[in-house]
Amino acid sequence: MTSPGTTALAIAAVIATLTAPLTAQRLSTMSQGDAVRKAYASTVLRANLSVLSVHADGDQRVLGTCVAPDLVVTKLSELSAKDRLAKKAPSLTCKQGKETWNATLLGFDRASDIALLRLKDAKLTPVEWQLAIPKTGAFLATPNGEKWPLGVGILGASPYQHTRAFLGIRFANAEDARAELAEVVEHGAARAAGLLVGDVVVEFAGDKIEWTSELRARIGQCQPGDKVAIKVRRDGKELSFIATLGTNNSPPRSGQNNSPPRSGQEDVWGDLSVVRSGFQQVLQHDTVLKPKDCGGPVVDLTGKVLGVNIARAGRVETLALPAATVQKLVKKLLAAAAKKSPGEGY
């Protein structure tokens with residue numbers, strides 16, 4: 001049962017939001033508005049003790065969540081986002097306030113995009129987990145170690161599998177133009193099937209394709225694992241391929257300036273996480289975060305940690321791995337580390 005104090009807190013946050021000027025939908029007028037964040041300062045007080053910033057080669061890449069005095073979980077793909085072309089492992093450190101610790105990659109789980117770090121000589125405060133999932137519509141807060149939370153959001157769905165079908169392409173043209181491929185990513189189904197940059201898709205799973213929008217819609221109707229027939233026009237000839245659709249749980253090949261290709265909505269609303277689908281179980285909430293804000297905890301109104309934010313998947317779509325899932329992953333990775341097996345490839 002929700003206590004009177006937490007109910008009053010939620011009501012105060014709503015009133016503060018409604019009485020503020022409703023200008024444009026900017027971060028400052030959404031869940032990151034000062035009035036809302038200030039109302040939740042006490043909610044994130046304890047969880048702040050378990051939040052760190054994770055740095056690679058001196059650059060702050062992502063947040064981390066302390067799960068044991070010397071263990072931190074964070075988002076794997078962000079750790080080496082700028083180092084893939086160099087094919088080198090970055091030097092990792094974690095910071096909390098004025099303290100800094102050297103960190104070692106103890107293990108990782110590619111499918112969950114989770115990394116487990118060990119901090120040398122650290123004696124941190126582990127999170128207090130909340131295994132009971134609140135009802136849809138519950139208020140949540142995302143701490144980052146500061147006095148006020150990064151943002152406040154609402155739980156949008158019970159835990160579900162977030163596995164969208166992934167072909168691994170980027171279009172050269174707008175919605176109402178031919179479906180020409182501008183990029184075929186290394187880890188995608190299209191590359192594995194033999195599609196190339198410059199191919200124009202004319203048929204997908206038996207349906208004729210004239211426009212980019214038609215192909216995008218058809219891919220959205222598919223499930224990971226589906227085998228689809230694809231016809232493309234290449235150098236004046238039509239060629240046929242069979243692609244087995246996957247999920248986007250591996251980082252794509254870097255584009256210009258070592259950064260991944262941007263989606264259309266990123267040009268309007270800001271960066272999304274590179275790895276933002278393919279998770280077996282997630283909680284979805286509408287807190288507006290940045291990719292570098294992931295890896296840290298999300299808490300309920302009691303201040304207990306419901307899970308770890310793992311991806312910004314849309315304009316107001318943030319995904320978190322539930323507490324029970326994170327606990328199982330940590331146990332698995334510790335067991336693998338004890339056998340000197342850091343993970344399933346890197």
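Among the listed pairs LYS292/LYS340; LYS208/LYS237; LYS120/LYS332, those whose Cα-Cα separation exceeds 23 Å are LYS292/LYS340.
Ranked highest first by average number of other Cβ atoms within 10 Å, how do 59-72, 98-111 line up? Intermediate values should be presented prior to the final figure.
Values: 59-72: 21.5, 98-111: 17.3.
So the order, starting with the most tightly packed, is 59-72, 98-111.
For the pair ALA41 and LEU239 in one chain, pulling the backbone fully straight at 0.36 nm per residue adds 65.4 nm over the alpha carbon distance. Placing a label point 7 Å from the Cα of GLN281 along the Cα-to-Cβ direction, the residues of region 297-341 with a backbone N closer than 15 Å are 306-308, 320-332. If the chain linking SER158 and LYS95 were pulled fully straight, counting 0.36 nm for each residue of separation and taking away their Cα-Cα distance, it would gain 19.4 nm. Where Rh is the Kirkwood radius over the Cα pairs of region 169-244, the temperature 10 °C and the viscosity 1.306 mPa s, what D in µm²/s does Stokes-Einstein return? In µm²/s, the coefficient rounds to 131. With the highest mean first, a sort of the peptides 203-215, 36-48 on other beta-carbon atoms found within 10 angstrom per residue produces 36-48, 203-215.
Among LYS304, LYS340, what is the fewest-to-most ranking by other Cβ atoms within 10 Å?
Details: LYS304 18, LYS340 6.
Neighbour counts put them in this order, fewest first: LYS340, LYS304.
Just to be sure I follow: if Rg is taken over the C-alpha atoms of region 52-119 and Rh is the Kirkwood radius over the same atoms, what is Rg/Rh? Result: Rg/Rh = 0.94.
Between GLU146 and VAL197, what length in nm is gained on full extension when 0.36 nm per residue of separation is reduced by their alpha carbon distance? Please list the in-between numbers first.
Details: separation 51, 0.36 × 51 = 18.36 nm, distance 4.53 nm.
Contour length minus Cα-Cα distance gives 13.8 nm.
Readers should treat all values here as calculations from the given coordinates under stated rules, not as data from a laboratory. Predicted, not measured: the structure shown is a model, and the values here were computed from it. For neighbour counting, all protein chains shown are included, and Cβ atoms are generated from backbone atoms with ideal geometry for every residue, glycine included.
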